[in-house]
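Shown next, in structure tokens, is the structure this report addresses.
The values are calculated or read from the model by the stated rules, or taken from the named source; none is laboratory data. Keep in mind that this is a model prediction, so the values were computed, not measured. Here the Cβ is made from the backbone with ideal geometry for all residues, glycine too, and neighbour counts use every protein chain on show.
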Amino acid sequence: MKKRILRYVKHVFITFLIITISVILFGLYHGASMHYGDNPKMMDWDKDGPYVFYKNDSILNVKYINGNQNDGFFLEQKEHSTNSKISAFCYFPLDSTRFEFSINADIKKPLNTYNDSNKILAISDIESGYKTFRDFLINNRVIDKNLNWIFDTGHLVLVGDFVDRGFSTTQVLWFIYKLEQDAIKKGGFVHFILGNHELKNMQGNYDSSSPKYFHVASILEKQQHQLYDSNSFIGKWMSSKNTMELINGTLFTHGGIHPDLVNYNLSIDEVNEITSSKYYKPFYPKLKKTKEQFLNSTHTGVSWYRGYFKDDLTQEDVEVGLQNFNAKSVVVGHTLQSKVNRKFNGKVIGIDVKHPKDYHKNFPNSESEGLLIEKGKYYRVLHDGQKVEI
């Protein structure tokens, strides 16, 4: 009897072990990871900022948070004319570094279409990982170790979801702002194409935001949605950005092009006009499927669509969307990939990979990747600067 019980217990244990291992392997295959090793510096908010708000049409209020969790926080703030050149800095506590830049209140909306022979480097879904983003650009010679632009007249394309799920959203956004200014001076381009998480923050949906920013808003004596509203400088700057751009014949958008979008016969200009008009208006399905509903839907919208990787599409389904915008291929983020890759005869390029986080580690370990398009060839570019043709 005792042996029978032992055999039964052994059988149950082995079955449980097999099921557990299978679940773990299934999760890893689908991008799951284990979070560990939180760095306490994620709670170091001294010198955090700047947080910049319009007092009126002619005055900007620039604020920095100082202090700590134990003694409390206070604001250092100063008012500036919107006509002045405002010197600012952004501090990164993890490695005690900072970068400096100037705030220019004259915000210009980018073009939708670019035609030249310059190289393109694209990356997506950084998700508030400032260090990962910075180091990737250094290793791939977009910037030098002093954060100076060295990509000449190239295009750096940021294909959405640079916010949320981390403690460095402020650093990432101001870093993009700095890169944009630096690139212009050297004849280069930074394209910040909004993803669904930028839209969620602009619309007051913070279910993926770090708790830090709830507390930051409180210290600033604001509601969290005000961090990126139209009275916030960084919010106003974000709201000037596109959800779709065509660069040297390649279309860049965070989610993708639903095959039925062609039924609305829209140009890239019209897509960006419609999506930008809803940046501060959350979507909820309605019975009448207008072009506004279609483009802003969390299922069919260009910043949300996952059909290239989730639906049973044909090559024709993909081609019809590209032909509508005179594009030879489309580069998307949003849907996690094991590595940067090309699908549908090279027409769809997925670049959303799991990037390392600033303040914690994951198992299995992940490394950043991006896409380089140069002289008609496509390359996976790796975290250490290596490139592999695809």
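Of the residues making up the stretch 81-119, just one is in a strand (DSSP E or B) and exposed (fewer than 11 other Cβ atoms within 10 Å of the Cβ), namely Glu100. Looking only at the stretch 310-330, decide whether some residue is closer than 30 Å to Lys131 by Cβ, in a loop (DSSP other than H, G, I, E, B) and in contact (Cβ under 8 Å) with a residue 40 or more places away in the chain. Within the stretch 310-330, not a single residue is closer than 30 Å to Lys131 by Cβ, in a loop (DSSP other than H, G, I, E, B) and in contact (Cβ under 8 Å) with a residue 40 or more places away in the chain. When each of Phe214, Phe151, Phe175, Phe133 is tested for being more than 19 Å from the chain's Cα centre (by Cα) and outside any loop (DSSP other than H, G, I, E, B), the lone residue that passes is Phe214.
Out of Thr253, Thr298, Thr243, one residue alone is within 30 Å of Asp57 (Cβ to Cβ), within 19 Å of the chain's Cα centre (by Cα), assigned by TED's automatic domain parsing to the domain that holds Gly376 and of a type outside the set (Gly, Ala, Ser). It is Thr243.
The C-beta contact set for the stretch 275-293 (first residue under 17 Å from Asp260 (Cα atoms) and crowded, with 16+ Cβ neighbours inside 10 Å, second residue modelled with pLDDT under 95 and among the hydrophobic types (A, V, I, L, M, F, W, C), distance under 8 angstrom, 6+ apart or interchain) comprises Gln293/Phe283. I want to confirm something. Restricting to the stretch 216-248 and keeping residues that are more than 13 Å from Tyr51 (Cβ to Cβ) and aliphatic (A, V, I, L, M), which single residue is surrounded by the most Cβ atoms within 10 Å (Cβ to Cβ)? Checked the stretch 216-248; the qualifying residue surrounded by the most Cβ atoms within 10 Å (Cβ to Cβ) is Met244. The single condition from (1) among the aliphatic types (A, V, I, L, M); (2) modelled with pLDDT under 95; (3) within 16 Å of Lys200 (Cα to Cα) that Leu295 fails is (2). Of all residues in the stretch 50-92, those that are more than 22 Å from His215 (Cβ to Cβ) and acidic (Asp, Glu) total 2. Of all residue pairs spaced 6 or more apart or on separate chains, those with beta-carbon atoms under 9 Å, a first member in the stretch 111-129 that is farther than 27 Å from Ser168 by Cβ and a second member that is among the hydrophobic types (A, V, I, L, M, F, W, C) and part of a loop (DSSP other than H, G, I, E, B) are Lys119/Phe151. Tallying residues that are without any contact (Cβ under 8 Å) to a residue 24 or more places away in the chain and either of a type in the set (Val, Ile, Thr) or more than 25 Å from Ile274 (Cβ to Cβ) (or both) within the stretch 184-206 yields 1.
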